[in-house]
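Report on one structure; see the data block that follows.
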Amino acid sequence: MCIRDRGETADPITCPDGMQQTLGALLYEGLLVLDESFAPQNVLCSRYEHNDDCTSYTFYLRDGVSFSDGSSLTASDVLATLRRAQESERYSARFANVASMRASNGALIVNLTRADSAFPALFDIPIVKSGSEKNTVPLPLVPLMQGSSQKCRAARAAFRVPPAPQKPVCPAARSAPQRRGQRVQETGGVVEMF
C-alpha cells in the first residue's frame, strides 16, 4: 500500500514508521550528520561557531545546495523545518534547551537556555523546502553533498541493491531477461523488473 493511499506523507519530520524514516534518510539531509564515533560532521552547513560559554551557536549554510526543484537552500528553509521539528513528537525533546532560533544573513542562529557543548550533534534533523511539507513527498535536496553518496552506498548495501549502472543500458538489453526467471519491461520510459 502506498503512503498516499493511507493519507500520509513522506515528511521526514512527521513520518510515523520505520520504512518512511528509511526513505527519508535517502532523500533528505540535515545540517550535520553523526560519524561512526558520534561526532557531528558538516553536511548542509559549511561550518558552525559558538560563543565562549556554548549558549549561542551560528550555523553557516553551504553554498551551492539546491532543492530538487532547482531553488537554493536558504536559512529560512532551515529555520522553518527546525520550528516544525520543535513542535513534532519525534524531535521536540532535542529543543528543550533552545531559547530562540532565527535566520540572519544566510545563517541560522540558535540561543540556548544553558551551556551545551554537544548541542550540534542534535542537528541531524532532515531539512525540507519551506512550504512543501504538505506535499506527499516534501521537496528534498539534490544530493550534491559529500555525505549523500556515502549514505546512498550504505543504503544500497543495507537493502542489497546494486549501484545504478554508470552507462545507459541499451534498448535491446532492456527487453532481455537479466536473471533466470526475471523479465524486464519498459513502459513509457520506466524500466520494471519482474
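Taken together, the values in this text are just the output of simple stated rules run on the coordinates, not laboratory data. This one's a predicted model, so the numbers in the text were calculated from it and none came from an experiment. All Cβ positions, even for glycine, are placed from backbone atoms using ideal geometry, and neighbour counts span all protein chains on display.
Just report the Cα centroid separation between segment 104-136 and segment 10-48, whole Å.
Going from one Cα centre to the other spans 12 Å.
Determine, from the Cβ-Cβ distance of Thr74 and Leu34 and an R0 of 22 Å, the FRET efficiency 1/(1 + (r/R0)^6), rounded to the nearest 0.05.
Calculated transfer efficiency: 0.35.
Sticking with the crude label model, points 7 Å out along Cα→Cβ, report the distance from Ser66 to Asn51 in nm, one decimal please.
If labels sit at Ser66 and Asn51, their model points lie 3.8 nm apart.
Take every Cα pair under 8 Å in segment 10-137 that's 6+ residues apart, average their separations, divide by the length, and report that relative contact order as a whole percent.
33 percent
Please state, as a whole number in µm²/s, the translational diffusion coefficient that the Stokes-Einstein equation yields for segment 32-73 at 37 °C and 0.692 mPa s, with Rh defined as the Kirkwood radius across alpha carbon pairs.
276 µm²/s
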